[in-house]
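To start, the structure under review is shown below, and the notes come after it.
The values are calculated or read from the model by the stated rules, or taken from the named source; none is laboratory data. Everything numeric here is computed off the predicted structure, so don't read it as measured data. Reconstructed Cβ throughout: ideal geometry from the backbone, glycine too, with neighbour counts over all protein chains shown. Just the protein is used for accessible areas: all its heavy atoms, side chains included, with ligands, DNA and RNA removed. Shrake-Rupley method; radii C 1.70, N 1.55, O 1.52, S 1.80 Å.
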Amino acid sequence: MEYVLGFDGGGTKTECVLMDSVGSIVARSVAGPSNPTRVGVEAATREIEKAAELALREARVARKAVVALGAGLAGTAQPEMKERMQASLERAFPGSVVNLLTDLEAALAAAGNGAAILLVAGTGSAAIARDEQGKIWRAGGYGPPFSDEGSAYDIGSRAVARAMKEREAQGKDSILGEKILERFGCAAWPELQKRASAQPDQVFPMIFPIVTASADGGDLRAREILQEAARELAALVKAVANHAGLGGENVAIVKTGGTVGRSALYDAQVDEALRRVLPHAKIGELQMSPAEAAAHAAKY
């Protein structure tokens, strides 16, 4: 039997599915980040190979049985980066047909056919709209410091900035600030600043669950940070909706990404912000994972 691999890669993790020739998922796996713009082409390729090996091992399938792969990867929107990543994957999977998509293209494919607005909120953030004629508009998704509003990275950055200001104003750390420093084993903010300057992706996105847990516990500062992030995400959706002329009752907003489903409070805040900008839209989540959509998109 022949098999196809599908990948959904971002700044925090890579999800993989192994699909057989009749379209059934026979194995799933997760590896590290595979956004080549953030971690580099070689590191991204290694994580994709690692995810593939884990799935193949689970299903007891030989690598030579893989005839094609589809990969939806963040950080591949620029033509030069896409070419480099395509070539690297072709070297890593010789004999397999490689179909490289952006993470947004894979997620939009997972949203099905017809008009739709996709909100991606993970390590980064973006919105993409598709009208009935298939024309596409996009907002965000260019990475920090140029975009990623409302993402896990953005929320972590906001939390650190606010905690540092509170330390300056009050002469002591807030409860949220203490939790952030404790998470990284840092005694003071200069130590965390140094780490964040060297490896921002290993710091700011990791603060997201600290903020949501604090917000769930009633921390007003944490709740304010999440509300600000929710408004930023809604602004991205509003922008693409305006360009695509999608504001009626039939438009669907589909949410995906690593922050979705992690906190009931934050999910509710995002939905509330979305309803403010598009009162008649239907809000939901993907029925198929982007990794599955990437596998279906693999051509062989």
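The condition (being on the phi < 0 side of the Ramachandran plot and surrounded by fewer than 16 Cβ atoms within 10 Å (Cβ to Cβ)) is satisfied by just one residue among GLU191, GLU232: GLU191. Taking segment 172-233 and the helices (runs of 4 or more DSSP H) fully enclosed by it, the elements with 1 or more residues that are among the aromatic types (Phe, Trp, Tyr) and without any contact (Cβ under 8 Å) to a residue 40 or more places away in the chain are at 189-198. Restricting segment 202-218 to residues that are crowded, with 19+ Cβ neighbours inside 10 Å and of a type outside the set (A, V, I, L, M, F, W, C), the residue that is nearest to TRP137 (Cα to Cα) is PRO205.
When segment 191-233 is filtered for residues that are within 13 Å of LEU181 (Cα to Cα) and aliphatic (A, V, I, L, M), the ones remaining, listed by number, are LEU192, ALA196, VAL203, MET206, ILE207, ILE210, VAL211.
Residues are listed down the side, and each one gets a yes or a no for (1) of a type in the set (Ser, Thr, Tyr); (2) within 23 Å of ILE48 (Cβ to Cβ); (3) in contact with a Leu (Cβ under 9 Å, 6 or more places away or on another chain):
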| site | (1), (2), (3) |
| --- | --- |
| LYS82 | no, yes, yes |
| GLN86 | no, yes, yes |
| ALA107 | no, yes, yes |
| ALA115 | no, no, yes |
| GLY140 | no, no, yes |
| ALA152 | no, yes, no |
| SER157 | yes, no, no |
| ALA161 | no, no, no |
| GLY171 | no, no, no |
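A quick yes/no check of all residues on (1) over 14 Å from the mean Cα position of the chain (by Cα); (2) in contact (Cβ under 8 Å) with a residue 12 or more places away in the chain; (3) open to solvent by 20 Å² or more (accessible area, probe 1.4 Å):
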site	(1), (2), (3)
GLY95	yes, yes, yes
ALA129	yes, yes, no
GLU132	yes, yes, yes
LYS135	yes, yes, yes
GLY140	no, yes, no
PHE146	yes, no, yes
ARG158	yes, yes, yes
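Among the residues of segment 62-101, those that are of a type in the set (Gly, Ala, Ser) and outside any helix (DSSP H, G or I) comprise ALA62, ALA68, GLY70, ALA71, GLY72, ALA74, GLY75, ALA77, GLY95, SER96.
On the basis of being closer than 17 Å to HIS296 by Cα and part of a strand (DSSP E or B), does LEU104 make the cut? Taking the combined requirement at face value, the residue does not satisfy it.
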